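Worksheet: the structure to be examined is printed underneath.
The values are calculated or read from the model by the stated rules, or taken from the named source; none is laboratory data. All figures in this text were calculated on a predicted structure; none of them were measured in a lab. Every residue, glycine among them, receives a Cβ derived from its backbone with ideal geometry; neighbour counts consider all protein chains shown. For the accessible areas, the whole protein counts, side chains as well, though only heavy atoms, and no ligand, DNA or RNA atoms are used. Shrake-Rupley method; radii C 1.70, N 1.55, O 1.52, S 1.80 Å.
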Amino acid sequence: MSTLLEIKHLCVCYSGIEAVRDLNLYVNAGEMVCLIGANGAGKTTTLKAVSGLLTPSRGSIHFEGELISGLAPHAIARKGLALVPEGRGIFPRMTVLENLQMGAYTRSDPAEIRRDIDEVYGLLPRLAERKQQIAGLLSGGEQQMLALGRAMMARPRLLLLDEPSMGLAPLMVQAVFEIITAIAARGVSVFLIEQNAHLALKTCSRGYVMENGSITLADDAQALAANPAVRHAYLGE
């Protein structure tokens, strides 16, 4: 199994304060990997560094063996990484269809883009029903589906997900995670940040625990779910 994403000794600072310290992790091709931890642990900062929204102060980020830390976000996106940000980040005044088209902004293959839009509609039929609706009028769950669909329009090899269950009703959370699993089954690797540790560890094959900007535990998901410290701190036991 080849390594897709590799982060070594990553440090990221805000106003001189290290939000992420000496972080090491990897995601193999075909894997679903989660990063769990409390609010303020540095999880979102990590994803922003991977996607180019923040520049690391030290360390390196490699994607498919190529150094990407320090590249602009659009350059990183073109290499095959797609971010679904916390809060979804859709274009609320555009239609569902226009949002999907924006997901393909790095591409120049109109016929294939139209085919991929149809594939997204097949995976997410609710979006097909609402393709001419203004995205800001969708429900929270529908907006999350749209954010996922828009990311898929970039044909990513690695999908970065930041808190996809945030603010959603339990039934919609389950639906969104079923969609994420279906996307992974199509061969897309997933790196997931999620406060619902139980669901994250149930969905992913491996996981990392982050505290105060550093990785404190790393193991397969079942082992982490059985770890007494994890169960006490993150699973409510």
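With coordinates expressed along the principal axes, the C-alpha atoms belonging to region 8-97 extend over 42, 29, 25 Å, beginning with the largest. Using C-alpha pairs under 8 Å with a sequence gap of at least 6, the mean separation divided by the residue count of region 145-227 gives a relative contact order of 25 percent.
In region 39-137, the alpha-carbon atoms span a convex hull of 138 Å³ per residue. Applied to region 192-202, the Karplus parametrisation 6.51 cos²θ - 1.76 cosθ + 1.60 on θ = phi - 60° returns per-residue 3J(HN,Hα) values of 10, 9, 7, 6, 6, 4, 4, 5, 4, 6, 6 Hz, with x for Gly and Pro. For region 181-186, backbone phi angles converted through the Karplus equation (6.51, -1.76, 1.60; θ = phi - 60°) give residue-by-residue couplings of 5, 5, 5, 4, 5, 8 Hz, Gly and Pro being listed as x.
By the equivalent-ellipsoid construction on the alpha carbon gyration tensor, region 76-187 comes out with semi-axes of 20, 16, 13 Å, ordered largest to smallest. Taking all protein chains together, THR45, THR106 sort by accessible area into THR106, THR45, largest first [probe 1.4 Å]. If the chain linking ASN212 and LEU137 were pulled fully straight, counting 0.36 nm for each residue of separation and taking away their Cα-Cα distance, it would gain 23.3 nm.
On average, how much accessible surface per residue is there in the chain, in Å², for a 1.4 Å probe, leaving out ligands, DNA and RNA? I get 46 Å² per residue for the chain. Surface composition of the chain: carbon and sulfur make up 53 percent of the accessible area, probe 1.4 Å. All other residues whose Cβ lies under 11 angstrom from that of ASN28 are scored, Lys and Arg at +1 and Asp and Glu at -1, for a net of -1. Local charge for SER2 was computed over the other residues whose Cβ lies under 12 Å away, with Lys and Arg +1 and Asp and Glu -1, and equals -2. The largest accessible area among ASP118, ASP219 belongs to the first residue in ASP118, ASP219, and the rest follow in falling order (1.4 Å probe, all chains). Amide H to amide H distances under 5 Å link GLY87 with no residue, where only residues 5 or more positions off or on other chains count and H is placed in the peptide plane. Look at the alpha carbon pairs under 8 Å that are at least 6 residues apart: their mean separation over the length of region 77-139 gives a relative contact order of 50 percent. Couplings 3J(HN,Hα) for region 44-53, derived from phi with the Karplus relation 6.51 cos²θ - 1.76 cosθ + 1.60 (θ = phi - 60°), are 5, 4, 4, 5, 5, 5, 4, 8, x, 6 Hz, where x marks Gly and Pro. Neighbours of GLU64 by Cβ distance under 11 Å: Lys/Arg scored +1, Asp/Glu scored -1, total 0. Residues CYS204, CYS13, ordered by accessible area of protein heavy atoms at a 1.4 angstrom probe radius and largest first, appear as CYS13, CYS204. Here the contact order of the chain, divided by its residue count and restricted to Cα pairs under 8 Å and six or more residues apart, works out to 27 percent. Rounded to the nearest 10 degrees, the inclination of helix 140-152 to the longest alpha-carbon principal axis of the chain is 90 degrees.
Dipole size of the chain about its Cα centre, with +1 on Lys/Arg Cβ and -1 on Asp/Glu Cβ: approximately 440 debye, rounded to the nearest 20.
Counting every pair of alpha carbons in the chain, the share spaced more than 28 Å apart comes to 29 percent.
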